[in-house]
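The values are calculated or read from the model by the stated rules, or taken from the named source; none is laboratory data. None of these values were measured; they are calculated from a predicted model. Every residue, glycine among them, receives a Cβ derived from its backbone with ideal geometry; neighbour counts consider all protein chains shown.
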Amino acid sequence: MSAVLLRRSESAILTSFKPIAARVVLMLFVLVGDCFASDHSVSAEAVQACDGLASAPWDPDAPDRSRTVEFRDLRAGPAATACQAAIAQAPHLRRLYFQLGRAYDRQGANQDAYQAYRRASDLGSGAAKVNIGILFRQGRRFEKNDTKARSWFREAAEAGIPEGMFCYATAFDNAIGGASDIAAAKLWYGKAAERGTTKARDALVRLELNGVGTGARCD
């Protein structure tokens, strides 16, 4: 009899605890949800800051074409800081590494730019391949290697990046990293022009009139 009473007593105690336990669990869910929401908000703000300061107009990964920045107008210091913070929050986004590379590139820190571009390229950024090619082509505070430049331009072109198509065409046009080839230059200028690259149309006209060696530049 005492055992039965004990079990009933235990049951009553457990029953009284159920509402309390439910409230505790609910509070934990709310707290955890707030933490995730806060983290998401911080991440979104950091990424948006990097995008606003360093997105390239010709990068297919740019999320908002109305908030892109030409290289000459890029404010390197704030962009580098913003993109470093964004990468810390969202290290899986390849465009952030590309944009950090642009910031370093604008500062003239081309070794750092190369490392950021390579990370972006490894994650699948075609735009980063273009800019790696430009680093090798220009060779400022970096290795000058036209053969490597042409190879990177080819990778970007074959990845479907219009700017890469234009740059690859300039290599055939101006014998960068290999022999000139008017047919190949026309092909790639044409592909870039079809995708809206105005400078490719201009170069194609000059190529038709005067042949290879137009001096069209990829930079």
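Looking only at segment 13-32, decide whether some residue is among the charged types (D, E, K, R) and modelled with pLDDT under 95. Scanning segment 13-32, I find at least one residue that is among the charged types (D, E, K, R) and modelled with pLDDT under 95, so the answer is yes.
Summed over segment 115-138, the residues that are assigned to a loop (DSSP other than H, G, I, E, B) and either at pLDDT below 95 or of a type in the set (A, V, I, L, M) (or both) give a count of 1.
Taking each residue of segment 187-198 that is basic (Lys, Arg) and looking for partners that are buried (at least 16 other Cβ atoms within 10 Å of the Cβ) with beta-carbon atoms closer than 7 Å, six or more apart or interchain, yields Lys191/Met165; Arg195/Pro162. Has segment 161-171 got any residue that is in contact with a Leu (Cβ under 6 Å, 6 or more places away or on another chain) and either assigned by TED's automatic domain parsing to the domain that holds Gln111 or touching a residue at least 24 places away in the same chain (Cβ under 8 Å) (or both)? There is no residue in segment 161-171 that is in contact with a Leu (Cβ under 6 Å, 6 or more places away or on another chain) and either assigned by TED's automatic domain parsing to the domain that holds Gln111 or touching a residue at least 24 places away in the same chain (Cβ under 8 Å) (or both).
None of Ala109, Ala85, Ala128 is in contact with a Phe, Trp or Tyr (Cβ under 8 Å, 6 or more places away or on another chain) and either closer than 24 Å to Ala159 by Cα or free of Cβ contacts under 8 Å to residues at least 60 places away in the same chain (or both) except Ala128.
Here Ala149, Ala156, Ala192 are screened, and the one residue that is more than 21 Å from Gln115 (Cβ to Cβ) and small (Gly, Ala, Ser) is Ala192. Exactly one residue out of Asp219, Asp181 is out of contact with any Ser or Thr (no Cβ under 7 Å at 6 or more places or on another chain), more than 21 Å from Ala127 (Cβ to Cβ), of a type in the set (Asp, Glu) and surrounded by fewer than 21 Cβ atoms within 10 Å (Cβ to Cβ): that is Asp181.
Scanning segment 101-114 for residues that are out of contact with any Cys (no Cβ under 8 Å at 6 or more places or on another chain) and either surrounded by fewer than 17 Cβ atoms within 10 Å (Cβ to Cβ) or assigned to a helix (DSSP H, G or I) (or both) yields Gly101, Arg102, Tyr104, Asp105, Arg106, Gln107, Gly108, Asn110, Gln111, Asp112, Ala113, Tyr114. Do we have Phe98 as farther than 30 Å from Ala44 by Cα and either in a helix (DSSP H, G or I) or in the same structural domain as Thr68 (by TED's automatic domain parsing) (or both) here? Against the criterion (farther than 30 Å from Ala44 by Cα and either in a helix (DSSP H, G or I) or in the same structural domain as Thr68 (by TED's automatic domain parsing) (or both)), Phe98 does not qualify.
Can you find even one residue in segment 104-111 that is basic (Lys, Arg) and over 23 Å from the mean Cα position of the chain (by Cα)? Among the residues of segment 104-111, not one is basic (Lys, Arg) and over 23 Å from the mean Cα position of the chain (by Cα), which makes the answer no.
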